[in-house]
Amino acid sequence: MKISYLVTSICAAISLPAVAQVQQHAPEPTQMESQDTPADPTFSGFKIGADTDWRRTTVHYGLPRLSSVIDRRKDGIGYSLHLGYDNQVGQSFVIGSEVAIGRSDTNLSADEALGVYTLKPRWSLDVSSRAGFLVEPQILLYGRVGYSLLRVREKTDFRAVTTSDVKAKGTENGFLFGGGIETAVYSGLFLRAEYNKIDYGNGLTTSKVLFGINAGF
C-alpha cells in the first residue's frame, strides 16, 4: 500500500506542470473569434464594370426640309462599360467619379408626305461624379451629376426622285443627373441599379434604368 501510494503521488507531481504548460500556451477563444470575423466591405478604390439598360429616347424638333415636325419617343436596350474611382470618407460617406462609354441601336423616324426622316443615336461618352451615404456598411445610396456626349446620324429620304437624299453626322451634348443604389455582395464585387436622365437640348432627351456589376481593386 505504501508503494502504490508513493507511485500515485509521483505521477500526480509530474503531470501538474505539463497541464499548466498546455494551458499557458493554449490560444484564447476571443482571439480566434476575432481573426475569423470578416471586415466590413469598403467602397474605396478603382472600379471597372459593365451596365445594361432600358432607355427611352424622346425627340421633338422641326424638320424644315420636310416642312414638318418630328415628335417621337422610342424604347430600347443599351449597354456600356465604365471605369471609376471612389473614396469612402469615414464610415458613412462615399464620393467618386466615373467615365462610361455606351451604345444603343434605337432608331427614331418620321414618315411625312415629302419623305422620311430617321435619327440614329449611337455611341455615348459620359463623365460624371457621384456622392452618397451608407445606410448599411454594404449598401450605398447615391446621387449622380455629369456631362454626356452622344454621336448621332441623321438621314432624310425624299420621295421625289429629283431631290437628293441628305445624310449627316453630329455630336449632341447635355447634362446628366440621376441616382441609384449599390451593394457590396462580396469583397471587391458590387452590384448596382440606377436611374438617370440626359437633356441634350434641341428637343432630344434620354432616360435610362441601368443594372450593372463592378469589380473593385
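FYI, it's all coordinate maths here, none of it is from the lab. The shown structure was predicted, so the numbers you read here are calculated from the model rather than taken from an experiment. No Cβ is skipped: glycine too gets one built from the backbone with ideal geometry, and neighbour counts run over all protein chains shown.
Within segment 152-208, being out of contact with any Asp or Glu (no Cβ under 9 Å at 6 or more places or on another chain), among the polar types (S, T, N, Q) and crowded, with 17+ Cβ neighbours inside 10 Å holds for one residue alone: Ser207. Among residues belonging to segment 74-109 that are among the hydroxyl-bearing types (Ser, Thr, Tyr) and in contact with a Pro (Cβ under 8 Å, 6 or more places away or on another chain), point out the one that is surrounded by the most Cβ atoms within 10 Å (Cβ to Cβ). Top of the filtered list is Ser104.
Residue by residue through segment 145-173, note down the ones that are touching a Leu at 6+ places or on another chain (Cβ under 9 Å), in a loop (DSSP other than H, G, I, E, B) and hydrophobic (A, V, I, L, M, F, W, C). The answer is Ala160, and nothing else.
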